[in-house]
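As structure tokens, the structure follows; a few thoughts come after it.
Taken together, the values in this text are just the output of simple stated rules run on the coordinates, not laboratory data. All values derive from a computational prediction rather than experimental measurement. Here the Cβ is made from the backbone with ideal geometry for all residues, glycine too, and neighbour counts use every protein chain on show.
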Amino acid sequence: MEIPPIPQRQPQTATPASFRQGNMRVGLKILFMALITLGLMIPDLIIYSMSSDREDSQEETVSTISKSWSGPQLISGPIISIPYRYKRDNETVSGTVRILPSDLDAKAQIDSRTLSRSIYEATVYSGTVSLDGTITLWNELETLGIPRQAYMFDQAKITIGIGDLKGLESVSELSIGDRNLTLNGTNDNEIYQNTSYYDQVFVSSDTDDFATSKSTRNSWRYNNDSSNGCLQSPIDLSAIADSASASIAFKVDMKIKGSQSIAFTPVGRENTISVNGLCKSPSFGGMFLPSDRTVNADNFQAVWRLNSNNRDYPQAFDENMASEIAQSAVVVNMLVPVDRYLKVDRTLKYAFLVIMLTFVTILFCEIVARTPMYMFQYLLIGLALILFYSLLLSLVEHISFGLSYFIAALMTIGMVTVYVRAVLKNARMAMLTGSVLALMYAFIYILMCLETYALLTGSIGLFLALAAVMYVSMKVKLVYTD
């Protein structure tokens with residue numbers, strides 16, 4: 001009896017060991033690359049913190065120099081204050097009426113310069129200011145409904161806000177009507193408050209570029225470091241008040257100095273405010289932008305033409321509107337362009353993208369070259385990429401951002417390219433790595449040059465980068481042996 005043959009099991013196709021080993025190595029490397037990239041975000045955050053600290057030091061230096069020289073100046077007025085008292089329904093009603101000019105013509109001629117402390121700078125200025133116009137009493141007082149006999153014209157006073165009194169180098173007598181008044185420094189928060197205004201305004205000219213763009217912060221804030229000083233004098237309006245028109249002309253000239261900004265409040269029913277002088281980086285802000293402006297390489301001229309309908313306070317009132325008046329100011333900022341730290345901060349946000357794309361490029365290069373790289377070597381390359389931001393931060397404090405970016409990128413690309421050439425022993429793969437890194441740095445720089453289309457350009461760039469990685473991954477076999 002014959003024993004039937006035992007059926008032979010069909011042999012299964014074996015997966016090559018090299019294939020399994022290659023896939024395992026590639027998978028682990030991708031995992032470790034992601035972990036290294038996340039770990040490198042720690043020094044990236046440290047550099048970001050350093051940049052913020054340097055920016056705070058810059059602002060502190062500006063504040064210190066401003067306190068020593070003179071702070072931002074806000075010219076406001078003149079404002080006439082007339083107390084009143086009368087009885088109504090057996091009750092005494094009292095208060096103080098503020099009267100603003102019927103028309104105001106303010107002119108300022110300033111000359112700015114830069115003061116340095118260590119590596120930080122602050123812009124200060126000196127110049128002349130003139131105010132002239134007219135004040136019409138009864139046209140404004142009749143709108144309040146207060147009896148004429150209630151006003152105590154002999155106890156009136158006139159006030160001109162100046163801001164920081166230590167910046168007042170000289171002031172003429174106030175010519176008002178047919179007399180001259182001597183103004184004295186004082187402080188009256190019910191009439192005058194000094195504010196500093198920082199507005200995001202870019203000065204456009206044919207020569208503007210990204211490396212020299214000028215910007216400042218964008219916010220209203222009350223400046224606690226600034227003085228609320230003002231010039232004030234008593235004035236007896238009894239004789240003038242008897243006139244039917246009760247219109248008086250005024251004029252005063254001042255020589256002042258200040259820092260950061262100069263501003264004027266449009267307190268007149270009709271206002272013409274003109275500011276011109278020498279300044280390399282002026283920007284215009286406040287409640288209103290200039291009606292006309294001219295900005296050249298070293299000088300500028302700006303003119304505002306405003307009327308009382310453009311603001312939210314009347315020509316005569318009996319309440320505290322010092323804050324509203326201050327916030328209607330037109331401003332010329334003369335801040336030193338310190339957007340270098342802002343640019344470094346924006347560059348740091350792309351660190352994760354640069355590191356990951358560089359690692360992926362090197363991974364493909366080592367697969368093609370069939371020469372594996374250790375994870376420690378990836379870590380060293382990642383540290384070199386992080387060092388780029390430290391170099392950029394240190395260089396930008398001494399030279400322009402564009403040149404700093406170019407030098408830091410060139411040093412980083414050169415070091416990474418030479419290192420990859422030495423490890424892979426393949427000049428072609430090293431040059432490919434350097435080219436990809438150079439392309440990324442150039443793309444990031446272009447992104448920061450753009451304002452309106454930065455997000456759109458960045459999204460398209462990332463899409464193309466991912467498409468390129470996907471295409472290369474289809475062409476490269478993820479298999480290599482030792």
Extending each Cα 7 Å along its Cβ direction at Phe376 and Met470, get the distance between those two points in nm, one decimal. 3.8 nm
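I'd like to know how the range 309-418 sits against the 2.2 N^0.38 Å rule of thumb: what's its Cα Rg over that expected value? Kindly include the intermediate steps, with their values, before the conclusion.
Values: Rg = 25.4 Å, N = 110, 2.2 N^0.38 = 13.1 Å.
Normalised Cα radius of gyration, the range 309-418: 1.94.
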Residues in the range 39-82 reached by a label modelled at Asn180 [backbone nitrogen below 20 Å; 7 Å Cα→Cβ]: 78
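From the square roots a ≥ b ≥ c of the eigenvalues of the alpha-carbon gyration tensor of the range 91-144, which class results: rounded (a/c under 1.5), prolate (a/b over b/c), or oblate?
Values: a/c = 6.98, a/b = 2.37, b/c = 2.94.
In terms of gyration-tensor shape, oblate.
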Along principal axes, largest first, the alpha-carbon spread of the range 319-382 in whole Å comes out as 82, 23, 18
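When the gyration tensor of the range 383-477 is built from Cα positions, what are the square roots of 5 times its three eigenvalues, in whole Å, from largest to smallest? Could you put the intermediate results ahead of the total?
On the way: eigenvalues 126, 95, 13 Å².
The equivalent ellipsoid of the range 383-477 has semi-axes of 25, 22, 8 Å.
Contour minus end-to-end for Gln301 and Ile399, with contour as 0.36 nm per residue of separation and end-to-end as the Cα-Cα distance? Mind dumping the intermediate values first?
Numbers: separation 98, 0.36 × 98 = 35.28 nm, distance 2.90 nm.
Extra length from Gln301 to Ile399 when fully extended: 32.4 nm.
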With unit charges on the beta carbons (Lys and Arg positive, Asp and Glu negative) and the dipole taken about the Cα centre of the range 43-88, which residue among Ser68, Pro78, Ser57 sits farthest to the positive side? Pro78
Expressed in µm² per second, the diffusion coefficient of the range 55-101 from the Stokes-Einstein equation, with Rh the Kirkwood radius over alpha carbon pairs, at 10 °C and 1.306 mPa s, is 107 µm²/s
Run the numbers for Ser247 and Met411: contour at 0.36 nm per residue of separation, minus the present Cα-Cα distance, in nm. 51.9 nm
List the GluC sites (Glu not before Pro) within the range 258-361 that fall in a DSSP loop (any state other than H, G, I, E or B) and whose Cβ has at most 13 other Cβ atoms within 10 Å. Glu319
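Using 0.36 nm per residue, how much length does the chain from Arg85 to Ala438 gain when fully extended, once their Cα-Cα distance is taken away?
Details: separation 353, 0.36 × 353 = 127.08 nm, distance 7.77 nm.
Fully extending the segment from Arg85 to Ala438 adds 119.3 nm.
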Rounded to the nearest 0.05, what FRET efficiency do Lys67 and Asn139 give with R0 = 51 Å and r taken as the Cβ-Cβ distance? Could you check? 0.75
